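The values are calculated or read from the model by the stated rules, or taken from the named source; none is laboratory data. Source: prediction; values computed, not measured. Neighbour counts run over all protein chains shown; Cβ positions are idealised from the backbone, glycine included.
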């Protein structure tokens, strides 16, 4: 029996963004990573092209994150050195690129100085040859000092730098233009604000073709539904021709997952919920897989088991 | 799918006889389209027209019920492709397989584990909804079906390709209305016979969507209404594409042959991969996902994907406005307030937990709005906060009178201090993320 034709006729496509620069391109990376470019919904290759597969960025932070021991142990002792952690991510976990977050710069935490952060960037660039995503600590005022130094340290490497928000985008635009980096535009679970931030970037003279959107990320069970839907809606309107919303999207799954009860508390606190050793990474993996189906292009992940499980599905999805 | 007035008009005698009480057949048709009249209010409408209308007005995806009256699992009647277009109606059910290779004892033990897989999370009950009993390969199909059926607290799916074995098993427990699973092109006649004679729902698979549509149409011709589309390919990408196409054909084109809920049987051996794959199907259009593993660490992530994706986006997510105790607080513990938007509350709660400082969280009813939206929309005020603190008798819980308020509402401080016993109002952080540092550094009772 013939099935009715239900193919969508998308008029546009998601922007293609390349991260990293090889020697010929003025950087030192062995390869670059390109995301986006799809002219269809995630994995629906019967009605459009998906030239690039979604990628996994290995989570690394300048100081050891406050994660449960069982999670840190699964990553290994390398977690205490950003350089070794980055190397392990690339060699053992098989990530496509590194996502480096300057947690230690947080004024309410260790309050590390911009120069210390820049040193970490330099060291990691020397230690691994994959492209780099660079985040500040999340405190706008502090990041206005941290990001310029980190950007400078990675000049010419075509990093993806996060994040430009309504309140600090001028600084981020200035450094990314000067040092030739790509930008992550951030809006907290708000599709209208997401568009607004992109408009601001454009008005500031930054090409939206070099932007990756960050809707902020919710851990599974903690607003996942909102983020899932915003990612879906952005992808859809981008395909329908809204050039302000056609950016690829990034999700910081690891950064959010190991803050919530289900991925932090063991059976002593959650009796009958299974060992955290198994549950934690699956909380990360299921969340990442869900966002993948919604339309995420870059997943920031940490636990080797979560990374490996999601990678296996990616292989099948892209067949 | 609703018919337009014009489409209904074509089904009428077009005599303008006024016997329905309206001046013309067209006027009557418009009223039927607006659901203010029923087609049967026309005394002269033909039987064929009635049938055509009832066919056209039935939902594009059928609602299928599995299991005995009283504890049925209901799935289907979905209306949209994306949750933001309206909502997803009936949460995907997780089914756990009982392989025929298990001994009777092991089968019962697994069934018992399935019964016990019930979890409470954010005020909702999450559980395994179905038990999938493999029939092929069982020495005594009827015996195996009966054995599990007697102990199972959830409805059953019978899985198998062998029509003779299936018939024995289905007959043995037909009163429990199991789903008969495993029909395909090779055994369709036998399975149609089982489903039709025992009046049971049946799950049918095809080697592609075209063949699947042929097979469901064949079953329908034999009077079987309760059909489930079954997918058991090992290729995640293909299956997701088929699920999408089948759902689009049903919802957008009213294509009856695929207008049924879908079941996916996950067949990977690796438990972690199974979790992730099942989560993908749960997020994208599976009505039932069959998996092997019954460990809580595997079930819970999948269940919460379902819980989240099937949340109604039109209804603000709220928690009960009451006093919450995090980590056994005592009379010296901090007190803070926040709104009843669940995302706000759970962010605050999980950060307080992370801080390891036990605390009281007073939740103010704000109709499901976050702090800033509630303030802008006049759903929260200093007066309301004071009233809520009194109603929840917070002062009886602690010796001190210090109140931590959201950093986004510093303006409340003076009024709360002036109008209540809470004489020391401390302005807390603007975001939940900063709570642990705030409590560790700034809180002293």
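Checked against (1) in contact with a strand residue (DSSP E or B) (Cβ under 9 Å, 6 or more places away or on another chain); (2) part of a helix (DSSP H, G or I); (3) more than 14 Å from chain A (Cβ to nearest Cβ), residue B:349 passes all but a single condition, namely (3).
Among the residues of the stretch B:350-368, how many are over 17 Å from residue B:324 (Cβ atoms) and either touching a helix residue (DSSP H, G or I) at 6+ places or on another chain (Cβ under 7 Å) or crowded, with 21+ Cβ neighbours inside 10 Å (or both)? Break it down stepwise before answering.
In the first step, residues of the stretch B:350-368 are kept if they are over 17 Å from residue B:324 (Cβ atoms); the result is B:367.
From the residues that got through so far, the ones that are either touching a helix residue (DSSP H, G or I) at 6+ places or on another chain (Cβ under 7 Å) or crowded, with 21+ Cβ neighbours inside 10 Å (or both) too are none.
Final tally of qualifying residues: 0.
No other residue among A:240, A:195, A:209 is in contact (Cβ under 8 Å) with a residue 24 or more places away in the chain, over 20 Å from the mean Cα position of the chain (by Cα) and within 17 Å of residue A:12 (Cβ to Cβ) apart from A:240. Restricting attention to the stretch B:279-305, the residues that are in contact with a strand residue (DSSP E or B) (Cβ under 9 Å, 6 or more places away or on another chain) and either farther than 18 Å from residue A:219 by Cα or outside the structural domain of residue B:208 (by TED's automatic domain parsing) (or both) total 12. Residues satisfying the criterion are present in the stretch A:55-62 (criterion: touching a helix residue (DSSP H, G or I) at 6+ places or on another chain (Cβ under 7 Å), in a loop (DSSP other than H, G, I, E, B) and buried (at least 16 other Cβ atoms within 10 Å of the Cβ)).
Residues considered: A:301, A:282. Of these, the only one that is more than 7 Å from chain B (Cβ to nearest Cβ) and crowded, with 23+ Cβ neighbours inside 10 Å is A:301. For residue B:324, the conditions (1) touching a helix residue (DSSP H, G or I) at 6+ places or on another chain (Cβ under 9 Å); (2) more than 7 Å from chain A (Cβ to nearest Cβ); (3) in a loop (DSSP other than H, G, I, E, B); (4) surrounded by fewer than 20 Cβ atoms within 10 Å (Cβ to Cβ) are fulfilled apart from (3). Checked against the criterion of being facing chain A (nearest Cβ under 7 Å), crowded, with 24+ Cβ neighbours inside 10 Å and touching a helix residue (DSSP H, G or I) at 6+ places or on another chain (Cβ under 8 Å), the candidates B:245, B:229, B:236 yield just one match: B:236.
In the stretch A:159-172, the residue that is nearest to residue A:298 (Cα to Cα) out of those that are outside any loop (DSSP other than H, G, I, E, B) and touching a strand residue (DSSP E or B) at 6+ places or on another chain (Cβ under 7 Å) is A:160.
Restricting attention to the stretch B:252-273, the residues being more than 9 Å from chain A (Cβ to nearest Cβ) and assigned to a helix (DSSP H, G or I) number 1. Checking B:363, B:385 one by one, the residue that is in contact with a strand residue (DSSP E or B) (Cβ under 9 Å, 6 or more places away or on another chain) and part of a helix (DSSP H, G or I) is B:385 and no other. Filtering the stretch B:366-375 to residues that are within 14 Å of another protein chain (Cβ to nearest Cβ) and either within 20 Å of residue A:260 (Cβ to Cβ) or assigned to a helix (DSSP H, G or I) (or both) leaves B:370, B:371, B:372, B:373. Scanning the stretch A:54-79 for residues that are within 14 Å of another protein chain (Cβ to nearest Cβ) and within 17 Å of residue A:285 (Cβ to Cβ) yields A:54, A:56, A:67, A:68, A:70, A:71, A:74.
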